[in-house]
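**Q** Below you'll find the structure I mean.
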Amino acid sequence: MPPVWGNFNTANSTTDDTANHYFVGSSAGAWTFCTVEILEIEQQVEEARQQAVEAAEVLLREHLGEARLEEYRRTGAISVFSPSRAGRRYVVDAYSRIKVYEGERLVDQLCVNLVDGGMVDSFWLPAPDVVLGKVWLLEHVEDRVLAVANHNGMPIPPG
């Protein structure tokens with residue numbers, strides 16, 4: 001397990017005073033050699049990620065409303081009712097497959113990743129941004145999503 005972001009604990013570290021280097025313990029007991037500069041950069045990255053998540057939640061609220069934001073905070077996912085197929089509901093979260101329900105029965109799981117020029121996938125984006133992107137795709141270009149998604153062995157019946 002890699003060191004936890006921003007989890008620098010001086011009780012679990014030793015200092016090399018001559019070079020200002022640290023050995024940092026992870027939650028799994030492994031040790032990583034770092035300089036003060038690396039630790040400061042990691043802290044700045046973590047702060048930037050947290051700010052990005054907060055901004056993404058604001059965007060989620062602005063575009064989907066308070067009720068759906070609360071659904072996301074409560075469950076980690078948002079339900080999207082199909083605009084073209086009666087009785088179909090999608091459950092969208094950031095990092096797992098989109099679950100497809102017809103009534104209460106799970107009928108498919110869709111693998112959909114948001115990419116930027118093929119270089120950056122969803123794991124680099126704040127989770128609320130990934131959820132919002134997938135929700136918009138399903139609400140506005142559902143047929144295209146179904147055409148390009150990888151289906152998890154459960155074919156979608158014709159709509």
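**Q** Would you call V92 more than 14 Å from H151 (Cβ to Cβ), part of a strand (DSSP E or B) and modelled with pLDDT of 90 or more?
**A** Numbers: more than 14 Å from H151 (Cβ to Cβ): yes; part of a strand (DSSP E or B): yes; modelled with pLDDT of 90 or more: yes.
Spelling it out, V92 is indeed more than 14 Å from H151 (Cβ to Cβ), part of a strand (DSSP E or B) and modelled with pLDDT of 90 or more.
**Q** Oh, and also: State whether the residues of the range 50-59 include one that is assigned to a strand (DSSP E or B), buried (at least 16 other Cβ atoms within 10 Å of the Cβ) and either among the polar types (S, T, N, Q) or under 18 Å from the mean Cα position of the chain (by Cα) (or both).
**A** First pass over the range 50-59, keeping only residues assigned to a strand (DSSP E or B): none.
No, the conditions are met nowhere in the range 50-59.
**Q** In the range 63-99, which residues are surrounded by 11 or more Cβ atoms within 10 Å (Cβ to Cβ) and of a type in the set (D, E)?
**A** E70, E71, D93 - these are the residues of the range 63-99 that are surrounded by 11 or more Cβ atoms within 10 Å (Cβ to Cβ) and of a type in the set (D, E).
**Q** Is it the case that the range 70-78 has a residue that's aliphatic (A, V, I, L, M) and at pLDDT below 85? Steps first, please.
**A** Of the range 70-78, the ones aliphatic (A, V, I, L, M) are 77-78.
From the residues that got through so far, the ones that are at pLDDT below 85 too are none.
There is no residue in the range 70-78 that is aliphatic (A, V, I, L, M) and at pLDDT below 85.
The values are calculated or read from the model by the stated rules, or taken from the named source; none is laboratory data. Computed from a predicted structure; not experimentally measured. Every residue, glycine among them, receives a Cβ derived from its backbone with ideal geometry; neighbour counts consider all protein chains shown.
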